[in-house]
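Data first, discussion second: the structure below is written as structure tokens.
The values are calculated or read from the model by the stated rules, or taken from the named source; none is laboratory data. Bear in mind the structure is a predicted one, so any value in this text is a computation, not a measurement. Every residue, glycine among them, receives a Cβ derived from its backbone with ideal geometry; neighbour counts consider all protein chains shown. Only protein heavy atoms, including side chains, enter the accessible area calculation; ligands, DNA and RNA are left aside. Shrake-Rupley method; radii C 1.70, N 1.55, O 1.52, S 1.80 Å.
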Amino acid sequence: MPPMFDEPRRLHPAAILINLGRYFKQMIGAVAFPLIAMLATGRNSKKETMALMVGIVGGILSALALIGPVLAYFTTTFSIHENALVISSGLIWRKRRTIPLARIQNVNIERTIWHRLLGAAAVKVETAAGGGVEGELAALSMVDANALQSALLHHADSEPVEQPKQPEALFALTPKQVFLAGALGNRLMYIIAGILGVFQIDNISEVSFRPLVRSLNSMSPVVGAMVATAAFFGLVLVGWLVSIVMSATRFYGFRIERHERGLLLTHGLLTQFKSIVPLGRVQVVRIVQPIFFRLFDYCEVYADTAGSFDSKDVASANKVCPILEVDRTQEIGRLLLPNFDLDSLHWRQVSRKAIRRHAIRSFLIWAIFLVPVGVIWFKWQALWVLIPLAILCWISGILYFRYVAYGTNENLLASRQGILRKQIVVMPFDRIQHYTINASYFQRLAGLSTVTVVSAAAGGHPVSIADVDIEAAHELRRKLSESIREHRGNRTGGL
Amino acid sequence: MEQPIAKRTTDGPRPIHPAIRKVWLFSNLISVVILGVILSFVEFVFLRSFHAPWRFPVIAPLLAIVIGIWASSMVRRQWANWRYEVTDDEVVLAWGVFFQTRRFVPRDRVQHVDINTGPIDRRFGLAQVSLYVAGAHGSVGTIPGLTPQEADDLRSMLVESHAAHV
């Protein structure tokens with residue numbers, strides 16, 4: 001007998017501890033920081049009294065803190081009433097949030113390490129209203145969390161389907177793949193930015209780097225440079241290892257299962273994530289190959305869904321597969337869009353003039369950036385750099401042209417693009433919301449135009465095809481128009 | 001009382017009302033004044049710090065005026081390039097001088113329609129119609145320079161199509 005939610009119910013008592021933990025996380029910063037600052041800077045005579053004061057204040061705050069979550073536990077209730085999730089909370093300022101079940105886009109179950117120790121789970125409810133979580137229940141028992149997830153997503157027929165204990169995984173990552181996802185991920189840039197960021201913080205560099213710089217200065221220049229380089233690469237290596245560990249904790253045990261409302265993604269070592277990709281609402285499927293992924297024939301798969309915005313929460317849910325062998329894209333794509341078929345797409349290249357346009361554009365951008373800097377540092381000699389720059393831009397233009405293309409079959413429209421990081425965007429014709437053909441003055445001189453096709457995934461990606469011949473653009477426009485006539489009145493996509 | 005039968009399409013592309021040129025000229029004037037004031041202030045600050053031989057902004061107002069004249073000379077072509085059309089399946093908007101754009105919005109994708117009349121629009125008896133589809137942050141297209149009658153016709157065409165297909 002699955003649990004029912006008709007009557008207002010309280011959360012799992014673990015909610016007290018979890019809210020308390022959250023409260024302390026915030027309090028640690030507020031109390032500990034002045035305490036440490038005082039201990040570090042204060043004079044001896046005053047130090048003890050100040051520490052005592054802070055201790056007393058901290059104690060009082062902790063006692064108060066304990067009251068908050070306990071009161072919250074006794075006043076917070078939730079229920080499913082008249083086809084809506086109702087969450088009431090508060091003692092003095094009473095709050096009652098009602099989320100109609102029909103508006104619920106997604107229900108995620110999240111288990112931090114504390115939840116798992118206490119045998120509980122948090123339930124987060126998202127609607128299409130915007131980025132983020134609209135309803136959050138801090139802790140429920142596992143049985144309740146699963147039942148609530150089904151009940152919220154299953155409002156149409158209230159009889160919950162009995163799920164097998166461990167449904168067969170449609171897809172699972174091996175530990176080796178999880179490792180690769182972290183090792184190949186393009187986090188290198190973040191790592192370097194992070195290192196530079198550390199040097200930017202003046203106070204810290206004043207205190208901790210001055211002795212370091214002094215000892216570097218005392219060495220001979222060659223040794224100093226070698227030490228500095230070794231230190232830099234050491235930091236990069238540490239960053240790289242951190243990125244592998246992060247990926248491993250996030251994507252550990254990654255598996256995809258079928259769920260009544262779509263695909264259920266489960267992953268995570270410390271914090272366990274369970275999110276559902278609502279299949280009916282998938283607008284666009286993207287196959288992305290960052291540069292290092294290409295060396296090993298791997299890719300990432302994203303699904304942009306209707307009503308998803310580019311907030312952190314939802315963007316991560318859009319990533320359906322952190323790493324996948326290129327041969328298996330067809331299989332995963334089929335799960336997301338029933339008529340997904342990369343092999344039957346008929347690809348067409350854009351105009352050859354795209355090489356020139358791409359080369360000129362990148363040359364101008366780099367020249368504007370490099371020339372002033374170069375002239376200031378190296379005087380007019382710096383202009384020589386324009387020659388290799390021009391050659392590089394021309395090569396990048398050729399590489400760009402070789403890959404960029406758009407493809408169609410009877411159901412799908414796709415575009416592919418990229419020099420280092422390659423991306424294929426696939427959109428079914430019946431998900432098209434609107435499309436635009438435009439041409440700048442220079443494009444018109446060359447007889448070119450750009451076609452942009454947009455779906456209902458607001459934060460998602462359009463199918464964008466730059467620099468096609470005007471005739472080809474018209475042909476594509478006819479095809480789009482025809483498909484719209486065909487699908488009129490029976491379009492899908494959850495809207 | 002017999003209602004006239006509302007048309008479903010516009011029967012071919014339609015231009016927008018010529019009076020929109022006055023609206024755009026007027027709003028250009030306002031933008032130029034604002035731009036001139038901001039640029040002049042910037043120049044004023046610069047003159048102070050560089051000890052220039054003259055004391056009051058000269059370049060900034062001139063620049064603003066040149067931009068204003070250039071923008072105003074474009075108004076005629078801007079108007080001439082605007083077309084809108086409601087076909088059986090799509091709403092087609094075409095506009096632009098330097099960047100020429102044609103946007104196609106399937107009729108059954110239109111979620112709702114706004115008719116807006118700003119203070120300058122109202123002075124010249126004009127209105128504008130904005131189209132909205134699902135998932136977009138704002139409107140996907142705004143047709144300026146419509147008489148209130150045209151705007152209302154357009155709205156009823158688009159709303160009718162919505163009702164017929166859903």
Query - Sites residue A:474 and residue B:49 - FRET efficiency at Förster radius 45 Å, r taken between beta-carbons, to 0.05 - result: 0.20
Query - For the range B:24-76, radius of gyration divided by Kirkwood radius, i.e. Rg to Rh on alpha-carbons - result: 1.10
**Report entry** Net lengthening on full extension, residue B:152/residue B:7 (0.36 nm per residue, minus Cα-Cα)
**Finding:** 51.0 nm
Query - the range A:439-446 - phi-based ³J(HN,Hα) in whole Hz, Karplus 6.51/-1.76/1.60, Gly and Pro as x - result: 8, 7, 4, 5, 4, 5, 4, 8
Requested in this report: Could you list which residues have their amide H under 5 Å from that of residue A:85, counting only those 5 or more apart in sequence or on another chain, with H placed in the peptide plane?
Outcome: A:99, A:101
Requested in this report: Taking H placed 1.01 Å from N in the peptide plane, check which residues at least 5 places from residue B:133 or on another chain put their amide H under 5 Å from its amide H.
Outcome: B:111, B:140
Report task. Could you tell me the distance between the Cα centroids of the range B:105-125 and the range A:251-303, to the nearest Å? Result -> 41
Query raised in the report: Relative to the compact globular guide of 2.2 N^0.38 Å, what is the alpha carbon radius of gyration of the range B:83-165, as a ratio?
Result: 1.08
Report summary line: Partner shielding of B:87-94, as the mean number of partner chain Cβ atoms within 10 Å, equals 3
Requested in this report: Heavy atoms only, probe 1.4 angstrom, no DNA, RNA or ligands counted: give me A:464, A:415, B:31 ranked by accessible area, highest first.
Outcome: B:31, A:464, A:415
Query - Among B:20, B:67, B:143, residue whose mean-square fluctuation peaks in a GNM of chain B (springs only between Cα atoms under 10 Å) - result: B:67
**Report entry** residue B:99-residue B:70 pseudo-label distance in nm [points 7 Å out on the Cα-to-Cβ vector]
**Finding:** 1.7
**Report entry** Accessible area of residue A:434 in the full protein assembly, 1.4 Å probe (Å², nearest 10)
**Finding:** 10
Report task. Bin width 5 Å, alpha-carbon pairs only: give the P(r) of the range A:367-468 as whole percents, running from 0 to the bin holding the largest distance. Result -> 2, 11, 15, 15, 15, 13, 10, 8, 6, 3, 2, 0
**Report entry** Principal axes of chain B: Cα extent on each, largest first, Å
**Finding:** 74, 34, 26
Report summary line: In the range B:114-161, accessible area falls by at least 50 Å² from chain alone to full assembly (1.4 Å probe) for B:134, B:135, B:137
Query - Distance violations [Cα-Cα > 27 Å] among A:353/A:479; A:353/A:422; A:379/A:422; A:25/A:319 - result: A:379/A:422; A:25/A:319
Query - Stokes-Einstein D in µm²/s, Kirkwood radius over Cα pairs - the range A:353-401 at 10 °C with 1.306 mPa s viscosity - result: 144
Requested in this report: Could you sort A:232-242, A:69-79 so that the peptide with the highest average Cβ count within 10 Å comes first and the rest follow in order?
Outcome: A:69-79, A:232-242
**Report entry** Cα-based equivalent ellipsoid of the range B:40-127: semi-axis lengths in Å, sorted from largest, via gyration tensor
**Finding:** 43, 15, 14
Report summary line: Here the FRET efficiency for residue A:349 versus residue A:63, based on Cβ atoms and R0 = 45 Å and rounded to 0.05, is 0.05
Requested in this report: Calculate the mean, over all residues of peptide B:104-111, of how many other protein chain Cβ atoms lie within 10 angstrom of the residue's Cβ.
Outcome: 6
Report summary line: In whole Hz, the Karplus estimates of ³J(HN,Hα) for the range A:354-371 (6.51, -1.76, 1.60; θ = phi - 60°; x where Gly or Pro) are 4, 4, 4, 4, 5, 4, 5, 4, 5, 4, 4, 4, 5, 5, 4, 7, 7, 4
Requested in this report: Answer with one residue from B:33, B:137, B:125: the one whose Cα lies farthest towards the positive end of the charge dipole of the range B:26-166, charges on Cβ with Lys, Arg +1 and Asp, Glu -1.
Outcome: B:33
